[in-house]
Amino acid sequence: MAIFPQLRLRRLRRAESLRALVQENRVDIGDLVYPMFVVEGRGIKQEITSMPGIFHFSPEQLPPEVEEIARLKIPAVLLFGIPEHKDEVGSAAYHPEGVIPQAIRAIKLAVPELLVVTDVCLCEYTSHGHCGVVANGYVDNDQTLPLLARTALSHVEAGADIVAPSDMMDGRVKAIRENLDEKGYQHIPILSYAAKYASAFYGPFREAAESAPQFGDRRSYQMDPPNVREALREVEQDINEGADIIMVKPALAYLDVIRQVRDTFNYPLAAYNVSGEYAMVKAAAQRGWLDERQVVLEILTAIKRAGADIILTYHAKEVSRWLQAT
Ligand code: PBG
């Protein structure tokens, strides 16, 4: 066994080229998904205050943006919709001419090869802001399932490539899978937000998606942050119901969860680098307190090192520019 002075771990760190040769994990543009917010209406392109560089777009404003995304070699976008009208049961979420179907059609006309993933949830569409139907002050699991299944179908009928349920109801993957299969969409994969925690890191997103709950919080359906064994059960449940890709969310404070899921299941694994993680970096960078480029690449590399195959990140466009410039 070599020991110092024969063994010197610094030998392989002497030069950039040597370090690159032995680098164990790499951020690849091909693994990134760029989340986008689409608002019902026309002529809207407005920056989100708490997420500098991220905009609300009305559907007809999307083509130039997605053309740029494709030029940057980002393979996929994740769409969130903000409807004009909200109601108790989130009807706008499953309207065939709703904001997401409109957005999908606009994107597919402009850039057919760009993968379109859609977030399937009711919270942006309900007047109370919860992810499901509320009955007696409680988010009712089973009444919500058919509505989620209808929502996913409306996206797929408009051309979505992957549907991504983020509501955390039990049985939603099964309900969505059965409905898609019945309608002839056996080939459409489900990316499930399998282990999604009730996290304060979603703060800026709720402003962006106008989806903050009007009473209570999401802790009766999203996971409790101290738990990791339960995350494995959540993932197992979604796999059993037919999920093709599983996700852990948020990413940065949950790297251990990503690692354990990676070690336990042989499924493609995604991690969501959420709005609060993005906003923290942006805020510090704007003040000159952090080197943004270095910090973002370090964060994304850490998420890969923890075991994620796919990263959903608002930094995708800038990362692509940085990596192509070097
Ligand atoms: C909604 C949803 C949320 C996010 C993705 N889908 C918010 C929530 O559950 O409150 C968070 C994304 C982010 O913070 O970037 N179902």
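Looking at Ala106, is it away from the ligand (no atom under 14 Å from the Cβ) and surrounded by 18 or more Cβ atoms within 10 Å (Cβ to Cβ)?
The answer is yes for Ala106.
Take Val66 and decide whether it is farther than 30 Å from Pro146 by Cβ and in contact with a Leu (Cβ under 8 Å, 6 or more places away or on another chain).
Yes.
If I ask for residues that are acidic (Asp, Glu) and either touching a helix residue (DSSP H, G or I) at 6+ places or on another chain (Cβ under 7 Å) or surrounded by fewer than 24 Cβ atoms within 10 Å (Cβ to Cβ) (or both), which ones from segment 120-166 would you list?
Within segment 120-166, Asp140, Asp142, Glu157, Asp161 meet the criteria.
Filter segment 291-326 down to residues that are more than 19 Å from the chain's Cα centre (by Cα), more than 19 Å from Phe201 (Cα to Cα) and aliphatic (A, V, I, L, M), then give me how many there are.
Residues flagged as more than 19 Å from the chain's Cα centre (by Cα), more than 19 Å from Phe201 (Cα to Cα) and aliphatic (A, V, I, L, M) within segment 291-326 amount to 2.
On the given criteria, is Ile74 assigned to a helix (DSSP H, G or I) and aliphatic (A, V, I, L, M)?
No; evaluated as a whole, the condition is false for this residue.
How about segment 65-91: which of its residues are out of contact with any strand residue (DSSP E or B) (no Cβ under 8 Å at 6 or more places or on another chain) and surrounded by 20 or more Cβ atoms within 10 Å (Cβ to Cβ)?
Pro83
Just checking, does segment 174-192 include any residue being within 11 Å of the ligand (Cβ to nearest atom) and open to solvent by less than 30 Å² (accessible area, probe 1.4 Å)?
Quick first cut of segment 174-192, residues within 11 Å of the ligand (Cβ to nearest atom) only: none.
Looking for residues that are within 11 Å of the ligand (Cβ to nearest atom) and open to solvent by less than 30 Å² (accessible area, probe 1.4 Å), one finds none in segment 174-192, hence no.
Just checking, does segment 224-239 include any residue being over 24 Å from Pro96 (Cβ atoms), touching a Lys or Arg at 6+ places or on another chain (Cβ under 6 Å) and within 15 Å of the ligand (Cβ to nearest atom)? Quick ask: steps written out before the conclusion?
Step one: filter segment 224-239 for residues over 24 Å from Pro96 (Cβ atoms), giving 224-239.
Pick out the ones that are also touching a Lys or Arg at 6+ places or on another chain (Cβ under 6 Å) and you get none.
No, segment 224-239 has no match at all.
Please give the number of the condition Glu124 fails out of (1) within 14 Å of the ligand (Cβ to nearest atom); (2) within 16 Å of Ile190 (Cβ to Cβ).
Of (1) within 14 Å of the ligand (Cβ to nearest atom); (2) within 16 Å of Ile190 (Cβ to Cβ), only one is false for Glu124: (2).
Let's see how each residue does on (1) over 22 Å from Asn179 (Cβ atoms); (2) surrounded by 18 or more Cβ atoms within 10 Å (Cβ to Cβ):
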residue: Val228; (1), (2): yes, no
residue: Asn240; (1), (2): no, no
residue: Lys249; (1), (2): yes, yes
residue: Ala253; (1), (2): yes, no
residue: Arg259; (1), (2): yes, no
residue: Asp263; (1), (2): yes, no
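I'd like the full set of residues that are surrounded by 10 or more Cβ atoms within 10 Å (Cβ to Cβ), among the basic types (Lys, Arg) and not in a loop (DSSP other than H, G, I, E, B), limited to segment 10-57.
Those that are surrounded by 10 or more Cβ atoms within 10 Å (Cβ to Cβ), among the basic types (Lys, Arg) and not in a loop (DSSP other than H, G, I, E, B): Arg13, Arg19, Lys45.
For Met168, all conditions in the list (1) away from the ligand (no atom under 11 Å from the Cβ); (2) touching a Lys or Arg at 6+ places or on another chain (Cβ under 6 Å) hold save one; what is the number of the exception?
It fails just one condition, (1).
Taking the options Ala209, Ala279, name whichever one is within 12 Å of the ligand (Cβ to nearest atom), open to solvent by 10 Å² or more (accessible area, probe 1.4 Å) and touching a residue at least 12 places away in the same chain (Cβ under 8 Å).
None of the other options fit; the residue is Ala279.
Would you check which residues across segment 300-326 are touching an Asp or Glu at 6+ places or on another chain (Cβ under 7 Å) and not in a loop (DSSP other than H, G, I, E, B) and list them?
Passing the criteria: Ile310, Ile311.
Residues that are free of Cβ contacts under 8 Å to residues at least 40 places away in the same chain, small (Gly, Ala, Ser) and more than 30 Å from Tyr125 (Cβ to Cβ): does segment 17-35 have at least one?
yes
Do we have Asp244 as charged (D, E, K, R), under 29 Å from Val38 (Cα atoms) and within 13 Å of the ligand (Cβ to nearest atom) here? Steps first, please.
On the way: charged (D, E, K, R): yes; under 29 Å from Val38 (Cα atoms): yes; within 13 Å of the ligand (Cβ to nearest atom): no.
No.
The values are calculated or read from the model by the stated rules, or taken from the named source; none is laboratory data. Please read all numbers here as calculations on a predicted model, not as lab measurements. With ideal geometry, Cβ positions are generated from the backbone for all residues, glycine too; neighbour counts draw on all protein chains shown. The protein model used for the area step is the full one, side chains on, heavy atoms only, and it has no ligands, DNA or RNA in it. Shrake-Rupley method; radii C 1.70, N 1.55, O 1.52, S 1.80 Å.
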